[in-house]
Structures are given as structure tokens and as C-alpha cells.
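Asks: My questions will all concern the structure given below.
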Amino acid sequence: MSGVNPYFFIKEVPTEELVKLLARKIKELKSEKDTTANLNLQLRNTVKELKNTQDELLRNREILQDEVKQKTDELINLERVSILGNFTARAAHDLNNPLSVIKNSSQILRINLDKHLDEKSKAQWSRLDRAVARMSHQIDDVLGFVKPPTLERKKHVVASILSDVLERMEIPSNIEIHPPLVGSTIYCDYEKIEIVFVNLLTNAIQAIGNNDGSIDITISDDSDPKYVQIIVQDSGCGVPPNLSDKLFEPFFTTKQTGTGLGLVSCKSIVKEHGGHIGITSIFGKGTTIKLRLPKESEFDNLDTDDQEKTLKIKSR
Ligand SMILES: Nc1ncnc2c1ncn2[C@@H]1O[C@H](COP(=O)(O)OP(=O)(O)OP(=O)(O)O)[C@@H](O)[C@H]1O
Ligand SMILES: [Mg+2]
């Protein structure tokens, strides 16, 4: 092919035509250049989007890996708790009997010897009774955690449960307690709700420590008319934000002598009642516990025949 002019035809095309041809070619090339630039831009955007999707996939993978790790840890923990639970349930159950003997004997002895005791001995005896009551509550906590409580429910006035609890507890003189003023009733197991209040008030007292402080207990209507809302608010030390997720975990405690079962036991009792418990806290300012408990039995609005029928259906 050497020696052949590839543009030989140019000589044969009139200049005017050639200019037109060239102009059209230049226009076509320009438009192709624009199209290429557009395609380039689209390609760059697609690459960018792909990169974002890849980053998101990586992030999701990390989140999933964390979740799997967390769930595995939870499972391992659950297994440990379950083994420990069996052992603790047996120990707690076995401790309950001798403790009842101590409690009953102490009461009988106290009645028989009351006349002969001086004030100091009476005070000491009261300390002994309170210590036994505390042990008994700890055991109830453990049992309440390891086996869901069976409830004996009736309608009870919240304020009267609270007044019984407060009478039995030792409230330090640096703490002012403001009990509720309204007489709402809840459909509950009296003793189990007592355990809830003892735990919540004990936590509040411990959170206030030696400072002057207060515990306010209020009762109000819930947004759902079937429930009552009970709020226990203390002016104690509060909970550091990084610990707030852990409070209902079994055995989580920040106290030297705590078992970390108080709130767990409260939750299990409240849940068994069909209620709800929530905690909010401001570190250094105080803690608020919100309880939501049912006002009435699910049978309250049925007549006696219907109640019996419903019970029969339920027991099948
Ligand atoms: N009112 C409160 N104010 C501040 N911190 C609280 C309060 N209630 C609970 N907490 C925190 O939650 C943790 C768990 O409470 P929980 O009652 O379950 O166990 P505990 O009090 O440590 O031990 P125990 O089993 O003897 O009750 C406490 O150790 C404490 O750090
Ligand atoms: Mg506690």
C-alpha cells in the first residue's frame, strides 16, 4: 500500500463540499465527545455508588459480626446462668426452711420474753428480725429469678402494700420518703409486689447513701385505662450512661455486697403480672423507676358463669 495516498479522493471533492463534510464530521466528533464525557461521568457515579454499596456492605458485615458475637456471648452466659440457676434454686429452697424456723422462733421468743427485755435488747432483737427479713427477701429474689413466680392475685390498695413495706424497712433519718396520696388498687399478688417495692426502695436508699435525699412515690393513671402507673423517684447518685443498658442483666451489680438480682426479680414479678417496668436515670441527679401494673383481673367484667367457663377453657 506504500506510495498510495489514502486521501486521494479529496482532490476529487469540491472544496465547498469538503468544508461541509469536515464541519459535519467535527460536529459529530464533538457530540461523540460530549456523549463520551457523559458516559464517563455516569461511569464515575456508578463506580462511586458501587464503592458506597461496598462500604455499606462492609459496615453491615461488621455489625452482623458484632451481633453474632453478642448473641454467642449471651448464649454462653445463658447456659452459665441456667446451670447456676439450678444450683441456686436448690440452695435457696434449702435455706428457706431453717430461715422460717429462725423467723418463727424469734417471734415466739420475742412475745414470751418481751416483758423481761430492756430497750437495748429490744432494739437488738428488732435488728435481728430485720436481718432475717432481708435474708428472706434475698432468697425470694433468687427464687423469683430462677423460677417464674406463681401468683396469688387479688385486688389490693397500692398505698397499703407500701405502708407495710415502709413499716418493716429501716429508713435512714437522712432520707425523706413521700408516699403516694391516692388510694388506687391493683390486681396483684401482695407478697410479690412487696418484694418489688422492697427492692426498689432498697436500691433508692443505697443510691442516696449518707447524703440528704428524698424518695417520692406517686401513683397516676396510665395512658391505658386498665393500668396504674407507679413512679418511684430518688435523688440518689444515678447511673452512669454507659451502665444503663446493664441494669436488668442478672448478676449485674456495682455494689460490693450486691447480688445483682434485685431488678431482675422485680422485672420477672412485674412481667408475670402482665405489667411493665422501666428505669431512667441521670448520673449524679437521681433515678426514676416507672411501674405499670394492671388495675383489674381480666375476668373482672365477666359474670360468675362466664368466669367459670373461661377458667375451664384456660385449664384445658
Ligand atoms: N435507684 C438506683 N439508683 C442508682 N443505681 C441503681 C438504682 N437501682 C439500681 N441501680 C444500679 O443497678 C444495679 C443493679 O441493681 P439490682 O437491684 O439488680 O442489684 P443490686 O442492688 O446491686 O444487688 P441486690 O441483688 O442486692 O439488689 C445496682 O448495682 C446499681 O448500680
Ligand atoms: Mg438492689
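Asks: Beyond 18 Å, what percent of the Cα pairs of segment 33-116 remain?
Replies: In whole percent, the share of Cα-Cα pairs in segment 33-116 beyond 18 Å is 75.
Asks: Can you work out ³J(HN,Hα) from phi for every residue in segment 83-92, in order, using Karplus 6.51 cos²θ - 1.76 cosθ + 1.60 and θ = phi - 60°, giving whole Hz and x for Gly and Pro?
Replies: Calculated HN-Hα couplings, in order: 5, 4, x, 4, 5, 5, 4, 5, 4, 5 Hz.
Asks: Quick one: order Thr280, Thr36, Thr257 by neighbouring beta-carbon count within 10 Å, fewest to most.
Replies: Thr257, Thr36, Thr280
Asks: Could you tell me how far the Cα centroid of segment 196-272 sits from the Cα centroid of segment 101-129, in Å?
Replies: With segment 101-129 and segment 196-272 each reduced to a Cα centre, they are spaced 32 Å.
Asks: Now, a different point. Test of understanding: ordering Asp129, Asp234 by Cβ neighbours within 10 Å, fewest first, what list do you get?
Replies: Going from sparsest to densest Cβ surroundings: Asp129, Asp234.
Asks: How do the peptides 179-186, 136-143 rank, highest first, by the average count of neighbouring beta carbon atoms within 10 Å per residue?
Replies: 136-143, 179-186
Asks: In debye to the nearest 20, how big a dipole does segment 211-281 give about its Cα centre with +1 on each Lys and Arg Cβ and -1 on each Asp and Glu Cβ?
Replies: It comes to approximately 300 debye.
Asks: Mind checking Rg over Rh on segment 175-256, alpha carbons, Kirkwood formula for Rh?
Replies: Taking Rh as the inverse mean 1/r over Cα pairs, Rg/Rh reads 0.99.
Asks: Could you compute Rg(Cα) / (2.2 N^0.38 Å) for the chain, with N its residue count?
Replies: The chain yields a ratio of 1.89.
Asks: Still on this structure: Within a 10 angstrom radius of the beta carbon, how do Cys237, Cys266 rank from fewest other beta carbons to most?
Replies: Ranked by crowding around the Cβ, least crowded first: Cys237, Cys266.
Asks: Still on this structure, please answer the following. Taking amide H positions as placed 1.01 Å from N in the peptide plane, with prolines and chain starts having none, which residues 5 or more places from Val228, or on another chain, fall under 5 Å of its amide H?
Replies: Leu293, Lys295
Asks: Which lysines have a Cα less than 27 Å from the Cα of Lys30, not counting those fewer than 8 places away in the same chain?
Replies: Within the straight-line limit of under 27 Å, Lys30 reaches these lysines: Lys11, Lys20, Lys48.
Asks: Check the straight Cα-Cα distances from Lys285 and name the lysines below 30 Å, setting aside those fewer than 8 residues away within the same chain.
Replies: Lys192, Lys246, Lys255, Lys267, Lys271
Read the figures in this text as sums done on the coordinates, not as results from a lab. This is a predicted model, so every value here is computed, not measured. Backbone-built Cβ (ideal geometry, glycine too); neighbour counts: all protein chains shown.
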